[in-house]
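Q: Let me begin by handing over the structure; questions about it come next.
No value in this document is a laboratory result; all are computed from the given coordinates. Because the structure is predicted, anything quoted here is derived from the model rather than measured. When we count neighbours, we look across all protein chains shown, and the Cβ atoms used for this are built from the backbone with ideal geometry, even at glycine.
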Amino acid sequence: MSKQPNPESSNQSEDDVEYKITNEDVERSELQIDVPEFDRTGSYVKQPDQSSMSHFAFGYGDDNPLWHDSDYAAKTRWRDQIAPPLYFMSVGINETPKYNAETKALMRGLFRGVGKYYSGVNWEWYAPLYAGNKVFKHRSKSESVTKQSSFTGNRTVKETYRQIWFGADADIYAVNYESYISAERGASKKTGKYADVKRQTYTPEDIAEIDKCYAAEQLRGSETRYWEDVEIGDTLTPLAKGPLGVVDIISQHMGFGWGGYGVGPLRYGWKKRQKMPAFYVEDKYGVPDIVQRLHWDEERAQALGLPAPYDYGMMRSCWMSHHVTNWMGDDAWLWKLNTELRGFNFLGDWHICEGEIISKKREGEHCIVEAALTATNQRGTETTKGTALIILPSREYGPVMLPTPPVDLARRVAKSHCEAADRLRAK
């Protein structure tokens, strides 16, 4: 799992406090299901354009020209540059209005002081996104599940959020189901869990071996991969990622923005600090800085009992999409991607992404293969795993037909779209 700082807590660095999940928070979490979420910060990208698509792919190290070069993409079946799969995380207009007093009380932050972990995501894609397409988004909680350990008595709550991206015609581009786990923790952060994990060091020979992996990377591109040519047991060419450095974290923010935190520099930071003082913790020089800095600040990470800063969960989901789209080629379609985070990816770690075809079938108009995916670090720890469903072109059945969104999603989007139009007319 990839731990995310809880912006509602000002006490994450305290050693002698025990944080508990309250019954009131559990009840409110369940009541929040299907309540449309107001977007306090807005999307990093208001509407899709070619530069931001390219910047997003750059942010996780994906140089596929389909995401970067409109001249190249014009010669593919898509006929122009399209967005990389997870680009939707940075774009879209959320038309959910500000909460009234009752809804605001319901939706205020939960689980104060309790660690919150990004545990995984399920993605589905239904149409390519081009520069200039108007994109709307809708977000709501879809599930809240509470469990209690029979051994320790500690509680955990898994919350899953549904996000849907759709066009002005209410046609759906993509949907994801993103999960977070809030877990009670004991009175001291110094549990020694990561005492044996040290920042990795490398010799020139080590780096030379990693460089060979980068050099061996294969991009299928314009060479069509047909369904008939794929067999169960086929492997994807391994993809190298790392050693992870601060530039990698910075580059992610260049492409992704700041996520839902809405932080910013200088006066923007001052304004955010007035609204969310608990999100800022003083450094050793007395300067208030965001708790999110544990992703790049060695001192802050170590103060929380970690050996080094670590990445964001979404970065590794992007790595999985990069791996699959490299293998499948321009004429295929990545339909579904599931990723589960099993451990931290610390600065200095490097990963090999691997994959194997585990099933092959024809379903309606679609010729599908399924790949099992893993990302394993230099310690031999599998920090990430997942699966992907890929629709491939067929010599017998023809080119890829795009999948159709489920009816329940289409109804949800149509309802949201019509309600937004009603509000606009009423103004």
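Q: Work out the length of the dipole vector of the chain about its Cα centre, built from +1 on the beta-carbon of each Lys and Arg and -1 on the beta-carbon of each Asp and Glu, and round it to the nearest 20 debye.
A: 1620 debye
Q: What distance in nm separates the two pseudo spin-label positions at E396 and Y214, each 7 Å out from Cα along the beta-carbon direction?
A: 4.3 nm
Q: Right, another one. In whole Hz, with x marking every Gly and Pro, tabulate ³J(HN,Hα) for the stretch 363-377 from phi via Karplus 6.51 cos²θ - 1.76 cosθ + 1.60, θ = phi - 60°.
A: So the Karplus estimates, Gly and Pro as x, are 10, x, 8, 10, 9, 10, 10, 10, 10, 8, 10, 9, 10, 10, 8 Hz.
Q: Amide H to amide H under 5 Å from G120: which residues, 5+ apart in sequence or cross-chain, H placed 1.01 Å off N in plane?
A: Sorted by chain and number, the residues that satisfy this are S179, L341.
Q: I would also like to ask the following. Principal axes first, then extents: for the Cα atoms of the stretch 18-186, list largest minus smallest coordinate on each axis, whole Å, largest first.
A: That gives 59, 37, 23 Å along the principal axes, largest extent first.
Q: Quote the charge dipole size of the stretch 108-238 about the Cα centre in Debye, to the nearest 20; the model charges only the Cβ of Lys and Arg (+1) and of Asp and Glu (-1).
A: Charge dipole, the stretch 108-238, about its Cα centre: 1540 debye, nearest 20.
Q: Helix by helix through the chain, keep the DSSP H runs that span 27 Å or more along the axis on Cα and average at least -1.0 on Kyte-Doolittle, and give those back in order.
A: TM-like helix candidates: 407-426.
Q: In terms of the ratio Rg/(2.2 N^0.38 Å) built on C-alpha atoms, what value belongs to the stretch 250-320?
A: 1.18
Q: Add -39500 (n - 2.57) for each DSSP H run of 4 or more in the chain, then divide by its residues: what number comes out at 222 nm, to the nearest 500 deg cm²/dmol?
A: -7500 deg cm²/dmol
Q: Moving on. Kirkwood Rh, the chain, all Cα pairs: how many Å?
A: Mean inverse Cα-Cα distance, inverted, gives 23.0 Å.
Q: Counting only pairs 8 or more residues apart or on different chains, how many lysine pairs in the stretch 303-427 have their Cα atoms under 24 Å apart?
A: 6
Q: If you plug each phi of the stretch 344-357 into the Karplus form 6.51 cos²θ - 1.76 cosθ + 1.60 with θ = phi - 60°, what whole-Hz ³J(HN,Hα) values come out, in order, with x for Gly and Pro?
A: 6, 10, 7, 3, x, 6, 10, 10, 10, 8, 10, x, 9, 6
Q: For the peptides 171-177, 26-32, what is the packing order when you average, over each peptide's residues, the other Cβ atoms within 10 Å and list the highest mean first?
A: 171-177, 26-32
Q: Run the numbers on the chain and let me know its relative contact order in percent, using alpha-carbon pairs under 8 Å that are six or more apart.
A: The value is 20 percent.
Q: Next question, about the same structure. For R112 and V247 in the same chain, what is the full-extension length gain: residue separation times 0.36 nm, less their Cα-Cα distance, in nm?
A: Once the chain is fully extended between R112 and V247, it gains 45.5 nm.
Q: Going Cα to Cα from K147, which lysines come in below 19 Å? Please leave out same-chain ones fewer than 8 positions away.
A: Output for K147: K3, K20, K116, K158.
Q: What is the magnitude of the charge dipole of the stretch 18-186 about its Cα centre, with +1 placed on the Cβ of each Lys and Arg, -1 on the Cβ of each Asp and Glu, and no other charges, expressed in debye to the nearest 20?
A: I would put it at about 380 debye.
Q: Cα to Cα, under 19 Å, and not fewer than 8 places away if on the same chain: which aspartates and glutamates meet these conditions relative to K272?
A: E8, D39, E282, D283, D289
Q: Please give the length that would be gained between A170 and K361 if that part of the chain were fully extended, namely 0.36 nm times their separation in residues minus their C-alpha to C-alpha distance (nm, one decimal).
A: Length gained, A170 through K361: 65.7 nm.
Q: At 7 Å along Cα-to-Cβ for each site, give me the label-to-label distance between A101 and E223 in nm.
A: Between A101 and E223, the simple spin-label model gives 6.7 nm.
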